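**Q** Have a look at the structure that comes next, please.
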Amino acid sequence: MSRFADTLGGATAKLGLWQALANSYTAEICARAGFDWLLFDGEHAPNTAQTLLAQLQAVAPFPVEAIARVPLGEPVAIKQYLDAGFRTLLVPMVDSADQARAIVSAARFPPFGTRGVASATSRASGFGADKAYLTTAQEKVTLIAQIESRAALDAIDAIAAVEGIDALFIGPGDLAASLGHLGDPRHPEVRQAIDHAKARIDAAGKPAGIFALSVDDAKLRITQGYRFISIGTDIGLLANGAAALLGSV
C-alpha cells in the first residue's frame, strides 16, 4: 500500500471527512461512502485509544486512508497511534521547525529518531508477523503538520523545509482565532493568510491541505490546487440531515 503522501500528486484532490462522533458504526458508514480519507480526531473529539482502535478496525476493509489527529505533537501519543496501526498522522498546532523536527523524531525508530520499540505487541507490525517492520516502518508513515497560528505562519518556510514533514494542512478556525478573528474564518485577513500559507507550501514543493468551510469553499480549494481537502464532518452530516428531515415533514 502506498503512503498517503505519495498519492497526493495525482490529477484530482483527495476528499475527506472529519470523524468526531468517536463511534465505529458511523466510521464504517462513512468509509462505505467512498471518501478518499477519513480523519479520526484525537484532539477535540471524545476519543480514547480504544475508540480509535475500534474505528480503525471498522474501516480497514475499505479503500480509504485512515488519518489520525493526535491530541498534541508529543512522543507518547505519536507512538501509541502508530503502534495501533495508523499510518498517517495530522499533528495540530505546529508552530516552529523545532517542533516539526521533534515530531519526525518521535515517529521514527532509532537511530533515525526516538520512537519506543514494541514491535511484537503492536498492531502495526501484525503483532510481530511483519519481521521487517522495524526497518521499514518509517517508509510507510505520512506526517502532516497543521498550520493554524500566527507563529506557524511566521515559521512556515522553516516548518515546510523539515525532512519528514510530508504535507501541511491549514486549519482556518484556529488560524482565525490566532489572528484576532475568533469565529470568523472568512475574514479578509484570514483569507489573505491562507493564501500566503498555500503559496509558501507550494514553494516548498509539498502538498497542501485545508478544512473547507462549505461546499463552495471546497470547490474553490480544488481549483486552487489543494491536494487534500476536508469537505465536512460526521457530526455535520447527522445534525444537518436530522434538521432537514424534520423540516421537510
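**Q** Applying the selection to the range 65-123, what residues are farther than 18 Å from Ala54 by Cβ and basic (Lys, Arg)?
**A** If the condition is that a residue be farther than 18 Å from Ala54 by Cβ and basic (Lys, Arg), then Lys79, Arg101, Arg108, Arg115 are the ones that fit.
**Q** Right, another one. Does Leu213 qualify as being modelled with pLDDT of 95 or more and over 17 Å from Gln146 (Cα atoms)?
**A** Against the criterion (modelled with pLDDT of 95 or more and over 17 Å from Gln146 (Cα atoms)), Leu213 does not qualify.
**Q** Hey, could you check the range 90-107 for residues that are out of contact with any Gly (no Cβ under 9 Å at 6 or more places or on another chain) and touching a residue at least 24 places away in the same chain (Cβ under 8 Å) and say which is nearest to Ser2 (Cα to Cα)?
**A** The qualifying residue nearest to Ser2 (Cα to Cα) is Ala97.
**Q** Another question about this same structure. Taking helices (runs of 4 or more DSSP H) that fall entirely within the range 152-249, which contain at least 1 residues that are farther than 21 Å from Asp41 by Cβ?
**A** Here the list reads 156-160, 188-204, 215-223, 234-248.
**Q** A further question follows. Scan the range 149-161 residue by residue and report those that are small (Gly, Ala, Ser), within 17 Å of Arg101 (Cα to Cα) and buried (at least 19 other Cβ atoms within 10 Å of the Cβ).
**A** Ala152, Ala155, Ala160
**Q** Next question. Among all residue pairs at least 6 apart or on different chains, which show Cβ distances below 6 Å where the first residue, located in the range 1-24, is within 15 Å of Leu143 (Cβ to Cβ) and among the basic types (Lys, Arg) and the second is part of a strand (DSSP E or B) and at pLDDT 95 or above?
**A** Arg3/Thr142
**Q** Going through the range 162-206 one residue at a time, which ones are loosely packed, with under 14 Cβ neighbours inside 10 Å, hydrophobic (A, V, I, L, M, F, W, C) and over 18 Å from Pro92 (Cβ atoms)?
**A** Ala199, Ala203
**Q** Tell me yes or no: at least one residue of the range 123-143 is surrounded by fewer than 17 Cβ atoms within 10 Å (Cβ to Cβ), touching a Gly at 6+ places or on another chain (Cβ under 8 Å), closer than 13 Å to Leu82 by Cβ and touching a residue at least 24 places away in the same chain (Cβ under 8 Å).
**A** Taking every residue of the range 123-143 in turn, at least one turns out to be surrounded by fewer than 17 Cβ atoms within 10 Å (Cβ to Cβ), touching a Gly at 6+ places or on another chain (Cβ under 8 Å), closer than 13 Å to Leu82 by Cβ and touching a residue at least 24 places away in the same chain (Cβ under 8 Å).
**Q** Something else: Inside the range 101-122, can you point out the residues that are of a type in the set (A, V, I, L, M) and either part of a helix (DSSP H, G or I) or crowded, with 16+ Cβ neighbours inside 10 Å (or both)?
**A** Ala102, Ile103, Val104, Ala106, Ala107, Ala120
The values are calculated or read from the model by the stated rules, or taken from the named source; none is laboratory data. It should be emphasised that the depicted structure is a prediction, and the values quoted were computed from it without experimental measurement. Positions of Cβ are generated from backbone atoms using ideal geometry, with glycine treated the same way; all protein chains shown enter the neighbour counts.
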